[in-house]
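Below: one structure, written as structure tokens.
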Amino acid sequence: MKASDTLTSWIPIPEESDFSLYNIPFGVFKTREGSSRCCTAIGPYVVDLAVLAEHGYFKNIVTSARVFHNEYLNDFIGLGKEQTNKVRERLIGLFSANTTELQNHTAIHDSVFHQQEHVSMLLPVRVGDYTDFYSSKEHATNVGAMFRDPANALLPNWKHLPVAYHGRASSIVVSGTPLIRPKGQFKGKDDAVPSFGPTCSLDYELELGFVIGKSTRLGEALSTDQAEEYIFGFLLFNDWSARDIQSWEYVPLGPFLAKNFMSSVSPWIVTTEALAPYKVNGPVQDVAVLPYLAYQGEGNYDINLEIELQPEQGKAQCISRSNFRYMYWNVRQQLAHHTVNGCNINVGDIMASGTISGPSRDSAGCLLEQTRNGKEPITLTDGSTRAFLQDGDTVIMKGYAVRNTARVGFGSVSGKIRPAL
Ligand code: CA
């Protein structure tokens, strides 16, 4: 389907909705009295896929409704793209203005369609493994300049491989989960010994993650051409970070307690297929890459990203705007690199992009960059300033792609900061 085709639905969808007929993302939800079930979103509604399956709407695609009666999407994703794409296309058909099959089946509408605000959205996948890349040149340059040396901000390996580290899957949570300010060790520039306590420089990182849709065997390497077949879809990802803990602990093995206390994801996974019309060329890679990292075609996605900060008792305000298209290394290169040594991947694994920063200060993907490590605080509309996050602050990240009238979005990922225990 091309973004230029005009799709209309019999379901009223506000123009600014992330959940147009072009999207049809997947997630998992729960009502107050019911069990958890797989779902999609259309306009303001969450759509119960288990109920649709029980009424035979996927009868030639999915053999049992059981796959939708689930705490996670892993079993559904594991059916493979051939089937999951057919489910998505079937849903587009059922919601389209020119079909009456579901439209006229009003007896089940109350059990199929739920207002989004009336249900709880759950963590969409059981995450086996999580890897965090470091693929924005602007971010790596800014951080390298602050943590090390402005003259040599990018280390010699950076333009030859997509740098990454293995993160912690156990602390990945769904949007809305509060963040308890973490404690740890940190050290000022002139301190002889480290201090211990709640972090003084709590930060967010604006990222997109991709969810693995097909497993590989140990020893199997994926090419950049094969990679997309293994990516089920994308979600918003906030990699909360404690900068004081990070700068003291990261040498020589990389991030540990500064990152693994929590990461938040959006409840909706937007499929690779829904995002295909928004592909664009990435930045020019001005250092030749090894053949296994070379790729054909458009490698990046034009996805607008926004960060809002809402102080306790205050209104949310946008503090930064970035775009996924800025990434130097694309997802196909990331996946080819991740598997080139034979490391196996599994359905439900999440690979996050790394902080997505644009070229200017107001497109920074984290406060570390936007406030120059706290030295130049930002001022909010209520007059208060932020070098880093305060207790009571809520961070909200949004993402959407739009072309002509076709809008495909992620909703949001948010989290409110609670004081340290
Ligand atoms: Ca990160």
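Step by step: find N for the chain, compute 2.2 N^0.38 Å, then divide the Cα radius of gyration by it. What's the final number?
0.99
Consider a paramagnetic label point 7 Å from the Cα of A221 along Cα→Cβ; state which residues of segment 269-308 have an amide N under 16 Å from it.
289-295
Run the accessible area of segment 1-159 with a 1.4 Å probe and give the carbon-and-sulfur part as a rounded percent.
Carbon-and-sulfur percentage of accessible area, whole number: 47.
For K59, which lysines qualify as cross-link partners when the Cα separation must be under 29 Å and same-chain residues fewer than eight apart are set aside?
K2, K30, K81, K86, K214
Quick check: pseudo-label points 7 Å beyond the Cα along Cα→Cβ at E16 and N404, how many nm apart are they?
Taking the two extended label points, one gets 2.4 nm.
Give or take rounding to whole Å, what are the principal axis extents of the alpha carbon atoms in segment 27-121, in descending order?
Per principal axis, max minus min of the Cα coordinates gives 33, 32, 20 Å.
Quick one: dipole size for the chain, taken about the Cα centre, charges +1 on Lys/Arg Cβ and -1 on Asp/Glu Cβ, in debye to the nearest 20.
Magnitude of the dipole: close to 320 debye.
Calculate, for segment 341-386, the solvent-accessible area per residue in square angstrom, rolling a 1.4 angstrom probe over the heavy atoms of the protein chains.
37
Skipping prolines and chain starts, which residues have an amide H placed within reach, meaning under 5 Å, of the one on V174, given they are 5 or more residues away or on another chain?
The answer is L123, V265.
Starting from the Kirkwood radius over alpha-carbon pairs of segment 219-298, derive D by Stokes-Einstein at 10 °C in a medium of 1.306 mPa s and give it in µm² s⁻¹.
It comes out at roughly 98 µm²/s.
First compute the accessible area of segment 294-373 with a 1.4 Å probe, then give the percent of it belonging to carbon and sulfur atoms.
39
log10 I(q)/I(0), Debye, Cα-only segment 311-399, no solvent, q = 0.18 Å⁻¹?
Summing over Cα pairs of segment 311-399 leads to -0.88.
Find me the longest stretch of the chain that has none of the exposed GluC sites (Glu not before Pro), where exposed means in a DSSP loop (not H, G, I, E or B) with at most 11 other Cβ atoms within 10 Å.
In short, 102-311.
Restrict the search to segment 141-227; then list the trypsin sites (Lys or Arg not before Pro) that DSSP places in a loop and that have at most 10 other Cβ atoms within 10 Å of their Cβ.
Of the trypsin sites (Lys or Arg not before Pro), the ones in loops of segment 141-227 whose Cβ has at most 10 other Cβ atoms within 10 Å are K189, R217.
How do V174, V270 rank by accessible surface area computed with a 1.4 Å probe, from largest to smallest?
Listed by decreasing accessible area, they come as V174, V270.
Enumerate by residue number the trypsin sites (Lys or Arg not before Pro) in segment 242-335 meeting two conditions: DSSP loop (anything except H, G, I, E, B), and at most 13 other Cβ atoms within 10 Å of the site's Cβ.
K315
Averaging sequence separations of C-alpha pairs under 8 Å and six or more residues apart, then dividing by the length of the chain, give the relative contact order as a whole percent.
Worked out over the chain, it gives 21 percent.
Treating only the Cβ of Lys, Arg, Asp and Glu as charged (+1, +1, -1, -1), what charge dipole size does segment 216-310 show about its Cα centre? Round to the nearest 20 debye.
Here the size comes out at about 260 debye.
Just to be sure I understand: if I project the alpha-carbon convex hull of segment 171-306 onto a plane and average over all orientations, what area do I get in nm²?
11.6
Among the trypsin sites (Lys or Arg not before Pro) within segment 351-398, which fall in a DSSP loop and have no more than 13 other Cβ atoms within 10 Å of their own Cβ?
K375
So which of K375/K416; K137/K183; K187/K375; K159/K279 end up more than 28 Å apart, counting from Cα to Cα?
Listed pairs above 28 Å: K137/K183.
Please list 3J(HN,Hα) in residue order for segment 398-407, calculated via the Karplus relation 6.51 cos²θ - 1.76 cosθ + 1.60 where θ = phi - 60°; whole Hz, with x for glycine and proline.
For segment 398-407, the Karplus-derived couplings read 10, x, 7, 10, 8, 8, 6, 9, 8, 10 Hz, x marking Gly and Pro.
Which one of F29, V413, P291 is farthest out on the positive end of the charge dipole of the chain, using unit charges on Cβ (Lys, Arg +1; Asp, Glu -1) and the Cα centre as origin?
Sorting the options by dipole projection puts first P291.
The values are calculated or read from the model by the stated rules, or taken from the named source; none is laboratory data. Owing to the predicted nature of the structure, the values given are computational and were not obtained by experimental measurement. We place every Cβ from the backbone using ideal geometry, glycine too, and count neighbours over all the protein chains shown. Quick note on the areas: whole protein, heavy atoms, side chains included, nothing else; ligands and nucleic acids left out. Shrake-Rupley method; radii C 1.70, N 1.55, O 1.52, S 1.80 Å.
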